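Working notes for the structure below.
Every read-out reported here was derived from the displayed coordinates using simple, explicitly stated rules and does not represent laboratory data. None of the values given here were measured: they were computed from a predicted structure. A quick note on method: Cβ atoms are made from the backbone with ideal geometry, for glycine too, and the neighbour counts reach across all protein chains shown.
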Amino acid sequence: MAIFHSFRNECISMLLWVLAFSVCVWGRPATFLQDFRITWSDSHIRQLDGGRAIQLILDQNSGCGFASSRQYLFGRVSMKIKLIPGDSAGTVTAFYMNSNTDRVRDELDFEFLGNRTGQPYTVQTNIYAHGKGDREQRVNLWFDPAADFHTYTILWNHHHVVFYVDEVPIRVYKNNEAKGIPYPKFQPMGVYSTLWEADDWATRGGLEKINWSKAPFFAYYKDFEIEGCPVPGPANCASNTRNWWEGATYQALNAIQARSYRWVRINHMIYDYCTDKSRYPVTPPECVAGI
Ligand SMILES: *[C@@H]1O[C@H](CO)[C@@H](O)[C@H](O)[C@H]1NC(C)=O
Ligand SMILES: *[C@@H]1O[C@H](CO)[C@@H](O)[C@H](O)[C@H]1NC(C)=O
């Protein structure tokens, strides 16, 4: 009887442990308010479909922004976004992770730069590691991101950071610490999004101004998914090599992903700081360290 009891107790405590662990690191499609809060202009973010989707609004009074309630150390974050249709020139929609530290900032950026009707949206990505950014790359999208929702994902583990558009990797930043290249891995990051006017630089370098007679501008978000180690949270989570996002299939691009990454770089990349000799007469080390 005693043996049976202790066996059962062990099972129960194991079950509780598994449940507790699952609650901590298990992602699930969330409603907006489960994981996020509004950080800029309540009146410009509207919840739809019982909070499973939101509408971001930009007009002449304000843009808007939101942030995750928690910070995470490694993991994967994705959202489905439908960008401003038609004439979106001068607008910027951003989706990023940020350590929210002033001096030694880590940041992983997706910025969607609007354009005149019929002209391609540009996705700018940037990476700050240990306080240093200035690593912009730009890709013109091969579809109209305002016609439908598409999935935008940031994968961040001990091996690399990958930005995906749907299933297609558009940017990889490898952990090349062994070669002395900084890699974000010490600070947790929050998940952020903003919609704002930036017509002094966004579209064709600021030549195309926002057309306020088209306002208000609307972008839509849904299917918020964050799977990662929350901080504060279980102390050993981030270094746990059994987290799925650290697994073998997530440590490097597979052959198919590598091929689509090459396809993007050859056919859709319009700017790469790595090859900008006027900015960087000496090629930055991470550009030659290999992916
Ligand atoms: C906008 O369209 C122009 C013309 O096709 C293109 O050169 C530019 O890269 C596009 N994106 C931005 C953000 O200006
Ligand atoms: C701004 O939008 C208005 C209304 O659609 C249009 O008549 C006007 O030509 C647009 N201006 C520019 C610079 O595109």
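Placing one equal scatterer on every Cα of the chain and applying the Debye formula, the log10 ratio I(q)/I(0) at q = 0.09, 0.13, 0.14, 0.16 Å⁻¹ is -0.47, -0.93, -1.07, -1.38.
Simple spin-label estimate for K179 and D148 gives 3.8 nm between the two label positions (7 Å along the Cα-to-Cβ direction from each Cα). With a 10 Å cut-off between alpha carbons and a GNM built on the chain, which of L253, L83, L113 moves the most? Looking only at L253, L83, L113, the largest GNM fluctuation is found for L253. The GNM of the chain, with springs linking C-alpha atoms under 10 angstrom apart, assigns the highest mean-square fluctuation among D109, D223, D49 to D49. Counting neighbouring beta carbons within 10 Å and listing from fewest to most, the residues M269, M189 come out as M269, M189. For the chain, the relative contact order is 26 percent, taking Cα pairs closer than 8 Å that sit 6 or more residues apart in sequence and dividing their mean separation by the residue count. The lysine pair tally for region 31-288, using Cα distances under 30 Å and a gap of 8 or more places or different chains, is 24. Computed from the C-beta positions of D42 and Q187 and an R0 of 25 Å, the FRET efficiency is 0.30 to the nearest 0.05.
Taking Cα centroids, how far is region 191-216 from region 55-71 in Å? The distance from the Cα centre of region 191-216 to that of region 55-71 comes to 14 Å. Our summary gives region 137-261 a relative contact order of 23 percent, counting only alpha carbon pairs under 8 angstrom and 6 or more residues apart. Dipole orientation for region 193-291: of the candidates F217, L207, N267, N267 has the Cα lying most toward the positive pole (charges on Cβ; Lys, Arg +1; Asp, Glu -1). Of the chymotrypsin sites (Phe, Trp or Tyr not before Pro) found in region 182-291, those that fall in a DSSP loop while having at most 15 other beta-carbon atoms within 10 Å are F186, W201. Among the trypsin sites (Lys or Arg not before Pro) found in region 50-117, those both in a DSSP coil and sparsely packed, with 10 or fewer other Cβ atoms within 10 Å of their Cβ, are R103. Rounded to the nearest 20 debye, the dipole size of the chain about its Cα centre is 480 debye, using +1 on the Cβ of Lys and Arg and -1 on the Cβ of Asp and Glu. Remark: spin-label model distance R116-Q60 equals 2.3 nm, labels positioned 7 Å along the Cα→Cβ axis. Exposure proxy shown here: for E177, E136, the number of other Cβ atoms within 10 Å sets the order, fewest to most, as E177, E136. For the chain, what does the helix formula give at 222 nm: sum of -39500 (n - 2.57) over DSSP H segments with n ≥ 4, over the residue count, nearest 500 deg cm²/dmol? About -4500 deg cm²/dmol.
Given the options A248, A89, A258, which has the most mean-square fluctuation in a GNM of the chain, springs set between C-alpha atoms less than 10 angstrom apart? Largest GNM mean-square fluctuation: A248. Placing a pseudo-label 7 Å from each Cα along the Cα-to-Cβ vector at T249 and R262 gives an inter-label distance of 2.2 nm.
Ordered by the count of other Cβ atoms within 10 Å of each Cβ, fewest first, E167, E208 give E167, E208.
When the Cα positions of G180, W142, V104 are compared along the charge dipole of region 59-196, G180 comes out farthest toward the positive end, with charges on each C-beta of Lys, Arg, Asp and Glu.
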